[in-house]
Amino acid sequence: MGKVFIVGLDGATFDVLNPLIKMGKLPNLSKMLQAGTSAILESTPFPHSAPAWASCLTGVNPGKHGVFGFGVRDEKNNYRFQLVNSTSIRAKTLPLLLTEHGKSTGLINEPLSYPPYPIHGFMVSGLMTPLTASHFTFPPELREELLQAVPDYVTEVSPDQFDLKESQGEAAYAEALLASIRARAKASRILMNQKAWDVLMIVFTELDRLQHSFWGRINNPSSSGQKEDRSLDAIVSRTYEEIDTAFGDLLEDLPAKTQVIVVSDHGFGPSERTFYMNRFLEEHGYLKIKMVRRFPSLRSPQSFMRRIFQITKISGNHLTKSETAGTMNHRDPKNFKKRVEGWVLEDLVDWSRTKAFADQYGIRINMKGREPKGIIAPGKEAEALIDKLKNQLIQLKFPHNGKSVFADVQKGHSVYLGPYADRAPDLVTFTETGFPHPSYTTKDVFGKLESMKGSHRREGVFLAWGEGIRKGKRLERASIMDITPTVCYSLGIPRTIEMDGVVLDIFEDGLDPKRLLERSGTSVREKGDVIPFTPEETSEIEAKLRGLGYLD
Ligand SMILES: [Zn+2]
């Protein structure tokens with residue numbers, strides 16, 4: 001049986017790939033496209049890295065793995081979020097399934113793999129790994145090995161270290177991202193050659209970071225009309241080229257008969273405006289704010305911070321006075337206020353008069369018996385409210401250009417199915433101009449986006465190539481949930497009972513109908529506790545996610 005090599009390109013899109021391939025700039029990815037099978041890969045209903053990578057690695061929809069975004073509702077209090085980590089994925093991941101079948105996996109930099117967990121194989125954790133983590137590998141001793149071989153290996157380049165308002169800072173950030181691609185490729189090549197594996201998966205997250213910050217600076221048809229400083233024009237294409245080179249280097253060492261899959265968790269496109277969902281809900285009488293909008297005086301940073309932490313009961317409580325002051329020195333208090341409110345709704349909303357509220361991932365009905373202070377009866381009353389809101393949102397237009405705010409609004413229970421579906425939003429909303437923002441203390445319902453130049457799209461990338469893979473074939477459809485079932489099929493492992501994804505028709509020999517029907521084993525993860533981050537880790541990761549523009 002052969003091996004499978006998976007390269008995850010966070011945020012890669014054909015909208016950039018295709019023009020660059022035409023220009024002859026990506027020889028290795030181009031080879032895959034021409035001599036393999038390709039498809040536009042549909043992401044999760046909310047095309048966000050956390051649920052998308054979780055679905056990629058499990059083959060199930062978020063209703064079965066329980067990850068809908070970077071935050072997850074805890075069971076006791078549904079108005080609160082906890083940051084997700086590898087223990088939050090409540091379905092078995094590909095490495096765990098392969099372990100059950102005696103196969104080994106190498107997993108490098110997958111965004112939800114911290115804390116690393118025991119598998120047959122090895123693991124280097126990705127995004128959401130706390131800087132303070134004493135270990136981010138499995139087995140633990142791999143950490144030393146890795147850092148000795150590649151001392152400049154980094155999980156994530158933090159944009160906070162650069163002044164992105166200056167073109168010098170932008171260039172330095174871009175260079176750091178390029179360097180991190182090289183370091184990750186170098187480390188991966190060493191591990192690829194030194195360790196045993198049946199499946200090796202490496203995720204590069206740099207394209208996503210770069211496109212968030214620099215989307216407008218792309219030398220491609222969709223941005224040709226834009227007047228901008230063109231000096232950084234080449235940055236996006238240079239990063240795709242760096243990825244292509246790294247990919248080519250890795251292909252050189254690939255064992256014979258290995259099948260190669262390239263997958264992105266979501267696509268990308270421009271973003272200019274944001275939609276403040278809770279402001280909208282408030283304006284239309286669905287949500288009531290308990291607190292006055294004006295917070296205690298901002299004149300004293302310490303007292304402001306303490307008050308905020310008191311109100312929101314978030315992890316800042318542990319900060320000492322001097323640390324608090326230190327934190328404030330680096331932050332614009334108004335911005336900080338917005339951020340804190342965006343993340344924790346609980347104590348600022350009058351729940352007794354609130355029918356619906358929004359988080360970053362959609363809108364929840366304040367439902368009796370489900371939410372701790374719910375007021376809307378489940379069934380008829382809730383359904384009527386969901387329908388009404390859905391219609392209102394579908395018809396909503398951006399005032400500056402008259403375009404629809406939402407590409408699509410879907411009912412949560414029609415797209416999320418499974419034991420965790422009740423933690424999902426009741427309405428899944430996705431605007432094509434950026435993530436909807438949960439803040440409700442803004443003055444306006446619509447706002448301009450300053451730092452986020454690009455945002456996610458549902459259309460990602462799928463490429464497959466190698467021994468036994470169909471050549472020059474384009475599939476009509478493919479979903480992020482199909483990756484794990486397809487890899488399992490390739491390795492002779494049946495789908496589990498729960499898998500929603502299907503086996504993609506990428507094999508030269510076609511698909512064996514008998515094997516396709518075979519299902520055995522389960523994706524349900526053994527009862528194990530979800531291990532939350534410590535308060536220190538939480539604030540550190542939140543700060544990082546904010547820096548990346550995800551929690552703003
Ligand atoms: Zn992503």
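Those residues that are of a type in the set (Lys, Arg) and in a helix (DSSP H, G or I), I need them from the range 60-102; list them, please. Across the range 60-102, the qualifying residue is only Lys64. Taken over the range 236-287, the criterion of being crowded, with 23+ Cβ neighbours inside 10 Å, of a type in the set (Val, Ile, Thr) and within 16 Å of the ligand (Cβ to nearest atom) is satisfied by Val236, Ile243, Val262, Val263. Looking at the structure I just gave you, is Lys31 away from the ligand (no atom under 16 Å from the Cβ), within 26 Å of Ile190 (Cα to Cα) and not in a strand (DSSP E or B)? Against the criterion (away from the ligand (no atom under 16 Å from the Cβ), within 26 Å of Ile190 (Cα to Cα) and not in a strand (DSSP E or B)), Lys31 qualifies.
If you go through the range 484-510 and keep only what is surrounded by fewer than 20 Cβ atoms within 10 Å (Cβ to Cβ), among the aliphatic types (A, V, I, L, M) and over 22 Å from Gly418 (Cβ atoms), you end up with just Leu491. For beta carbons closer than 7 Å, sequence separation of 6+ or different chains, a first residue in the range 176-187 that is not assigned by TED's automatic domain parsing to the domain that holds Asp249 and among the aromatic types (Phe, Trp, Tyr) and a second that is surrounded by fewer than 17 Cβ atoms within 10 Å (Cβ to Cβ) and part of a helix (DSSP H, G or I), there are no qualifying pairs. Return yes or no: is Leu97 touching a helix residue (DSSP H, G or I) at 6+ places or on another chain (Cβ under 6 Å) and either within 24 Å of Met192 (Cα to Cα) or surrounded by 24 or more Cβ atoms within 10 Å (Cβ to Cβ) (or both)? Taking the combined requirement at face value, the residue does not satisfy it.
Within the set Leu57, Leu41, the sole residue that is part of a strand (DSSP E or B) and closer than 14 Å to Gly501 by Cβ turns out to be Leu41. Of all residues in the range 243-269, those that are without any contact (Cβ under 8 Å) to a residue 12 or more places away in the chain and within 15 Å of Leu41 (Cα to Cα) total 0.
Given the criteria assigned to a helix (DSSP H, G or I), modelled with pLDDT of 85 or more, away from the ligand (no atom under 16 Å from the Cβ) and exposed (fewer than 15 other Cβ atoms within 10 Å of the Cβ), does Glu170 qualify?
Values: assigned to a helix (DSSP H, G or I): yes; modelled with pLDDT of 85 or more: yes; away from the ligand (no atom under 16 Å from the Cβ): yes; exposed (fewer than 15 other Cβ atoms within 10 Å of the Cβ): no.
So Glu170 does not fit the description; no.
So, of the residues in the range 10-22 that are away from the ligand (no atom under 16 Å from the Cβ) and in contact (Cβ under 8 Å) with a residue 12 or more places away in the chain, which turns out to be nearest to Leu177 (Cα to Cα)? Don't jump to the end; show me each part of the working.
First, the residues of the range 10-22 that are away from the ligand (no atom under 16 Å from the Cβ): 18-22.
Filter again for in contact (Cβ under 8 Å) with a residue 12 or more places away in the chain, leaving 19-21.
Numbers: Pro19: 22, Leu20: 19, Ile21: 21 Å.
If we take residues in the range 10-22 being away from the ligand (no atom under 16 Å from the Cβ) and in contact (Cβ under 8 Å) with a residue 12 or more places away in the chain, then Leu20 is nearest to Leu177 (Cα to Cα).
Just a yes or no: is a residue in the range 51-67 more than 19 Å from Arg364 (Cβ to Cβ), surrounded by fewer than 21 Cβ atoms within 10 Å (Cβ to Cβ) and either touching a residue at least 24 places away in the same chain (Cβ under 8 Å) or within 16 Å of the ligand (Cβ to nearest atom) (or both)? Within the range 51-67, none of the residues are more than 19 Å from Arg364 (Cβ to Cβ), surrounded by fewer than 21 Cβ atoms within 10 Å (Cβ to Cβ) and either touching a residue at least 24 places away in the same chain (Cβ under 8 Å) or within 16 Å of the ligand (Cβ to nearest atom) (or both).
Among the conditions (1) within 23 Å of Tyr361 (Cα to Cα); (2) surrounded by 22 or more Cβ atoms within 10 Å (Cβ to Cβ); (3) not basic (Lys, Arg), Ile6 misses just one, which is (1).
To keep it simple, each residue is scored yes or no on (1) more than 28 Å from the chain's Cα centre (by Cα); (2) without any contact (Cβ under 8 Å) to a residue 60 or more places away in the chain; (3) over 19 Å from Phe446 (Cβ atoms); (4) buried (at least 20 other Cβ atoms within 10 Å of the Cβ).
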site	(1), (2), (3), (4)
Phe357	no, no, no, yes
Glu371	no, no, yes, no
His400	yes, no, no, no
Val409	no, yes, no, yes
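All conditions but one from (1) among the small types (Gly, Ala, Ser); (2) under 30 Å from Glu526 (Cα atoms); (3) touching a residue at least 60 places away in the same chain (Cβ under 8 Å) apply to Ser167; the one that does not is (2).
Of the listed requirements (1) in contact with a helix residue (DSSP H, G or I) (Cβ under 8 Å, 6 or more places away or on another chain); (2) part of a loop (DSSP other than H, G, I, E, B), Phe122 misses just one: (2).
Given the condition at positive phi and either touching a strand residue (DSSP E or B) at 6+ places or on another chain (Cβ under 9 Å) or modelled with pLDDT of 90 or more (or both), answer yes or no: does some residue in the range 240-258 qualify? Please lay out each step first, then the result.
So in the range 240-258, the residues at positive phi come out as 257.
This time we only want the ones that are either touching a strand residue (DSSP E or B) at 6+ places or on another chain (Cβ under 9 Å) or modelled with pLDDT of 90 or more (or both), so: 257.
For the range 240-258, residues at positive phi and either touching a strand residue (DSSP E or B) at 6+ places or on another chain (Cβ under 9 Å) or modelled with pLDDT of 90 or more (or both): present.
Phe70 passes every criterion in (1) away from the ligand (no atom under 16 Å from the Cβ); (2) at pLDDT below 90 apart from (1).
Which of the residues belonging to the range 273-290 are within 26 Å of Ala50 (Cβ to Cβ) and in contact with a strand residue (DSSP E or B) (Cβ under 7 Å, 6 or more places away or on another chain)? If you could, list the steps in order and put the result at the bottom.
Filtering the range 273-290 down to residues within 26 Å of Ala50 (Cβ to Cβ) leaves 273-281, 287.
Answer for the range 273-290, where residues must be within 26 Å of Ala50 (Cβ to Cβ) and in contact with a strand residue (DSSP E or B) (Cβ under 7 Å, 6 or more places away or on another chain): Arg273, Thr274, Phe275, Tyr276, Met277, Asn278, Leu281, Leu287.
Looking only at residues of the range 125-157 that are in contact with a Lys or Arg (Cβ under 6 Å, 6 or more places away or on another chain) and not aliphatic (A, V, I, L, M), we find that the one that is nearest to Ala185 (Cα to Cα) is Thr137.
The values are calculated or read from the model by the stated rules, or taken from the named source; none is laboratory data. None of these values were measured; they are calculated from a predicted model. Cβ: placed from backbone, ideal geometry, glycine included. Neighbour counts: every protein chain shown.
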